[in-house]
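To start, the structure under review is shown below, and the notes come after it.
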Amino acid sequence: MPTTAGAPDWTFDSLTWDVIVIGAGPAGSTAARVAAEHGASVLLLDRARFPRYKTCGGGLLGESLQLIPKAARATIESRVTDSVITDRFRRSTRLRAPDPYLAMVRRAAFDDALATAATDAGARFVEGVTVREIAEGDASPGPGGPAGGEAGPILVRTTLGTAAARVVIGADGTGGRTGRHVGVMPGGIDLGLEDEVAMPADDRRWRDRVYLDWGGAAGSYAWVFPKRDSLTVGVIQRKGSPDQTRDYLAAWRHHLALDDAETLHSSGHLTQWRTPDSPVRRGRVIVAGDAAGLLEPWTREGISFALRSGSWAGEAAAATASAGAASSPAPLAGYEHRVRTELGAEQRVGAELLAAFERRRGLVHTLLRTRSGARFFVRFCRGETTLARFGRHRLVMRLVRALGRLGRLPRPPDVSAAPRSTQPAGRITVRRHPCAFGRHCVVVRLMAPSLNPFGRSAHGFVVRRQRPARPSNCIAEQRRIGLARPRCLVGVLGSPALPGCVMRRPRPAQPARRIAAVIHRLDRLVAHLVRALCRSARPPDQRMLRVAPPAEAIRDAARRDAAMRRPPDATTSRCDQVPLETIASRPPA
């Protein structure tokens, strides 16, 4: 390639680099530093000028602290010993530990320290450069290029010129050019919104304390991370409902009484995690960090994934460059295998936990309130355990997968908006369903609003008088008509055959007092109705509620009928069959 006048000294006209790293975030700067420490010539490119603001909570786990250099540790502004976790702003849980288990950094200073550590190790850092294209070069060597017989360099075309390298590491974030070049397939994309808020004057509530909240939307949560003189307030949920995400952030700030706090910076960003079979390499181009979709799906924590993948990528790239650029170098294949086996295992467990969390958010919150759950949370934050180790417990993972597959219980509908029944009020009927729930189950339909605690429209439910003779048939029938949780059903309202809502008996460990009270009243009402129907009303289907009267009742009824058929005489009254002489002899009242 001919020399261009005025071209920078780092372009292809001057030399061919062993490694070019695109993006100077945690993954890119770590990859550049590690590759330079292993003796490779490294060019680090980034489109921003450092220090620059980065949308991120800035929480560092214990595993991340073990991978960062000493200069980056100096940027830690807060060490967390206390966490307050809520479920939709309620049911507060506090986790305190004597020693810190989380570290907080400001990403502008943290990333700048990582880039400085890379340059100190020997990498060349060029700021304000945007990559436009990545292409495979031909086999003809350029100035300082590879020797004959080796594959041609990879060309990286930028706004300031074209650079060449034997290996390229892409760490340009979510939706970057290198991720598209490799073909990274996202498994899920989230939208995160964040406000940097000035620290309130009374900071005793905020210092070294984290606030978390599980949101109402599936998989959403909010956070408050303390820094030296500010608070990072943010929310995250699935991409596709930006207005709902903004409303969640506003409600979160209102809940924390931070409405009037000064907002220093507002921003948003997209995060994504990869599918299990998503590639992380294409030839001699590999991706790391957010560019590879390396993110924990449940907590959306990505700094530890970026530091680990960046370190592995730097080692593999340096080993490939020192051995000579081949079409399929073994070190890069080893990097791909390591990402799949180690980080991929954690992502799979995180995805299963996310599925369970989306359907059973309250259960996850309840587990965190237990001693074992709190201990695991603290150990995970300190880096003493990982999700991959958690996934090795087969029994626990079976439970997690079962919780992730089971559907949620639908919420009761608004009975005020439901259509009114056309049948007359006060009518009570008992009938057998065309496909029976079981031999000992009957369907009662109430039309009396005064007796129905759910209003006029919710008028159908099932009365289970005792356990069915064949439970499997009963459960199969309940599933057929679309009823949720068949094994927990006591009163059923709202299937295609029975309009209304679905009610279930909560387990004793669940703090659902209102639902339990309603079900208790419903059970008493049903028992009263069934007794009344068995005493006085003959059901339309004689085979459904056939009650055999006892022998004494039959003899008493026969005696009364015989007495009623006898003609009255002068000394008896037909009303009470009491002798008149006895009445006349009684003293007056």
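Structure values in brief
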| item | result |
| --- | --- |
| Test: residue in region 52-70 that is among the aromatic types (Phe, Trp, Tyr), modelled with pLDDT under 95 and within 26 Å of the chain's Cα centre (by Cα) | no |
| Region 106-125: number of residues that are outside any helix (DSSP H, G or I) and either farther than 21 Å from residue 233 by Cβ or without any contact (Cβ under 8 Å) to a residue 60 or more places away in the chain (or both) | 5 |
| Residue identified as open to solvent by 10 Å² or more (accessible area, probe 1.4 Å), in a helix (DSSP H, G or I), among the acidic types (Asp, Glu) and closer than 23 Å to residue 118 by Cα among 315, 346, 342 | 315 |
| Residue within region 322-331 that is part of a helix (DSSP H, G or I) and open to solvent by less than 20 Å² (accessible area, probe 1.4 Å) present | no |
| Options 215, 192, 234, 173: the member that is among the small types (Gly, Ala, Ser) and at positive phi | 173 |
| Filter pass, residue 11 being among the hydroxyl-bearing types (Ser, Thr, Tyr), modelled with pLDDT of 90 or more and buried (at least 16 other Cβ atoms within 10 Å of the Cβ) | no |
| Matching residues, region 180-217, being assigned to a loop (DSSP other than H, G, I, E, B), more than 30 Å from residue 100 (Cα to Cα) and open to solvent by 50 Å² or more (accessible area, probe 1.4 Å) | 185 |
| Hits in region 28-49 - residues which are within 34 Å of the chain's Cα centre (by Cα) and open to solvent by 10 Å² or more (accessible area, probe 1.4 Å) | 46, 47, 48 |
| Top-ranked residue of region 285-312 - restricted to ones that are open to solvent by 10 Å² or more (accessible area, probe 1.4 Å), part of a loop (DSSP other than H, G, I, E, B) and among the charged types (D, E, K, R), ranked as nearest to residue 36 (Cα to Cα) | 301 |
| Qualifying residue in region 114-133 (condition: under 29 Å from the mean Cα position of the chain (by Cα) and closer than 22 Å to residue 34 by Cα) | no |
| Count of residues meeting criterion [open to solvent by 30 Å² or more (accessible area, probe 1.4 Å) and within 21 Å of residue 244 (Cβ to Cβ)] in region 218-227 | 2 |
| Exclusive hit being among the charged types (D, E, K, R), within 26 Å of residue 280 (Cβ to Cβ) and modelled with pLDDT under 85, set 398, 369, 392, 338 | 392 |
| Qualifying residue in region 241-260 (condition: in a strand (DSSP E or B) and open to solvent by 10 Å² or more (accessible area, probe 1.4 Å)) | no |
| Members of region 350-398 found to be of a type in the set (Gly, Ala, Ser) and buried (at least 17 other Cβ atoms within 10 Å of the Cβ), listed by number | 350, 351, 355, 356, 374, 383, 388, 391 |
| Selection from region 23-71 of residues that are over 16 Å from residue 120 (Cα atoms) and assigned to a helix (DSSP H, G or I) | 27, 62, 63, 64, 65 |
| Residue list for region 201-215, restricted to those being in contact with a helix residue (DSSP H, G or I) (Cβ under 8 Å, 6 or more places away or on another chain) and of a type outside the set (Asp, Glu) | 214, 215 |
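The values are calculated or read from the model by the stated rules, or taken from the named source; none is laboratory data. Quick caveat, the model's predicted, so the values are computed rather than measured. Positions of Cβ are generated from backbone atoms using ideal geometry, with glycine treated the same way; all protein chains shown enter the neighbour counts. Heavy atoms of the whole protein, side chains included, go into the accessibility calculation; ligands, DNA and RNA do not. Shrake-Rupley method; radii C 1.70, N 1.55, O 1.52, S 1.80 Å.
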